[in-house]
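To start, the structure itself, in structure tokens.
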Amino acid sequence: MIEHALVFGFAAVSLALLMNLWRLVTGPTLMDRVLAADTMVINAIALIILFGIQMRTTVYFEAALLFAMFGFISTVAYCRFVLRGDIIE
Amino acid sequence: MNLIVEFVISTLIVLGGIFALVGSWGLLRLPDLMARLHAPTKATTLGVGGALIASMLYFLAVEGTLSIHEILITAFLFLTAPITAHFIAKAHLHGQPESVRALPPTGQSRGWSTFDTPPPEPAAEDSPAEDSQR
């Protein structure tokens, strides 16, 4: 049963990533693109987790944790750059 | 593996996939950025949370060990999603000057905190250089 659920999960998250890519390419404003990139990072974390379940290994959790941290830090740094013109003042 | 555990894990994976899909569909569909912010920050985060809980239950059932990594990732994502949304909304509001006039009045003596600097504290009146140090 889990195998079929994993297939559905992979399909759903991949479709979500494609939608985010569409918003990243066609986003009318700059912040739309930042939001799309941030959502892509979150969806990539979900994909890594599902892949770890399928491979029956816990090795990929470190990768997911690193993705979460760098996604958050890069989004905040970009927003801060747009707001203040500088990241670390 | 127990059939009930398997069913619960499958349900969580499917629910997580559906939530991630709904979040991205909302990102694609909603009209402007302030509306679009709602979909990824709520639905997609819930979707990742479902996948992480499914993974935690799976490795608890297969290996018998409770791994703490998933809780760490879930807590980190649930803590950082509002901060990210706040920063994106703030950068968006400051990017277009006409959004100041579009805001409703606050009904108080001070304006919206994103645009107006707060009134100085009574004790801080003798240090006017405080604003420039920010």
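Just so it is clear, none of the values below were taken in a lab; they were calculated from the coordinates. Keep in mind it's a predicted model, so treat the numbers as computed, not measured. Cβ placement follows ideal geometry from the backbone for every residue including glycine, while neighbour counts extend to all protein chains displayed.
Test of understanding: ordering A:ILE49, B:ILE88 by Cβ neighbours within 10 Å, fewest first, what list do you get? Before the final figure, lay out each step's value.
Numbers: A:ILE49 29, B:ILE88 26.
In order of increasing Cβ crowding within 10 Å: B:ILE88, A:ILE49.
So what's the convex hull volume per residue for the Cα atoms of the protein assembly as shown, in Å³? Numbers along the way, then the final one.
Working: hull volume 35.0 nm³, N = 223.
So the per-residue Cα hull volume is 157 Å³.
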Next on the checklist: Less than 12 Å Cβ to Cβ from B:ALA61, Lys/Arg counted +1 and Asp/Glu -1: what total charge do the surrounding residues give?
Outcome noted: -1
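Return B:SER55, A:SER14, B:SER113 ranked ascending by Cβ neighbour count within 10 Å, so the fewest neighbours appear first.
Values: B:SER55 29, A:SER14 15, B:SER113 9.
So the ranking, lowest neighbour count to highest, is B:SER113, A:SER14, B:SER55.
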Checklist entry - With point charges of +1 on the Cβ of Lys and Arg and -1 on the Cβ of Asp and Glu, referenced to the Cα centre of the stretch A:2-84, which listed residue (A:PHE61, A:THR26, A:VAL7) lies farthest in the positive direction of the dipole? => result A:THR26
Checklist outcome for this item: For the pair B:ILE83 and B:HIS38, the simple spin-label estimate (label points 7 Å beyond Cα toward Cβ) gives in nm 2.6
Checklist entry - What does the charge count near B:GLU70 come to, summing +1 for each Lys or Arg and -1 for each Asp or Glu among other residues with Cβ under 14 Å from its Cβ? => result -2
Checklist entry - Which of B:GLY26, B:LEU52, A:SER74 sits farthest toward the positive end of the charge dipole of the protein assembly as shown, with +1 on the Cβ of Lys and Arg and -1 on the Cβ of Asp and Glu? => result B:GLY26
Item to check | Alpha carbon Rg of the stretch A:48-88, scaled by the compact-globule rule 2.2 N^0.38 Å | outcome: 1.66
Checklist outcome for this item: Everything considered on the Cα gyration tensor (a ≥ b ≥ c; rounded for a/c under 1.5, else prolate if a/b is larger than b/c, else oblate), the stretch B:3-102 must be described as oblate
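Among residues other than B:SER24 whose Cβ falls under 15 Å from its Cβ, what is the net charge (Lys/Arg +1, Asp/Glu -1)? Working shown, then result.
Values: positive: A:ARG23, A:ARG33, B:ARG29, B:ARG36, B:LYS42; negative: A:ASP32, A:ASP38.
Residues close to B:SER24 contribute a combined charge of +3.
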Next on the checklist: Can you bin every Cα-Cα distance in the stretch A:2-84 into 5 Å intervals starting at zero and give me the percent of pairs per bin, rounded to whole numbers?
Outcome noted: 3, 15, 20, 20, 18, 11, 7, 4, 1, 0
Next on the checklist: Please list, by residue number, everything in the stretch A:36-76 whose backbone N is under 11 Å from a paramagnetic label point 7 Å out along Cα→Cβ of B:PHE76.
Outcome noted: A:61-73
Checklist entry - Using alpha carbon centroids, what distance separates the stretch B:1-43 and the stretch A:31-89, in Å? => result 17
Checklist entry - Can you sort A:ASP32, B:ASP32 so the residue with the fewest Cβ neighbours within 10 Å comes first? => result B:ASP32, A:ASP32
Item to check | Approximate spin-label separation B:ARG29-B:SER113, in nm, with each point projected 7 Å along Cα-to-Cβ | outcome: 3.4
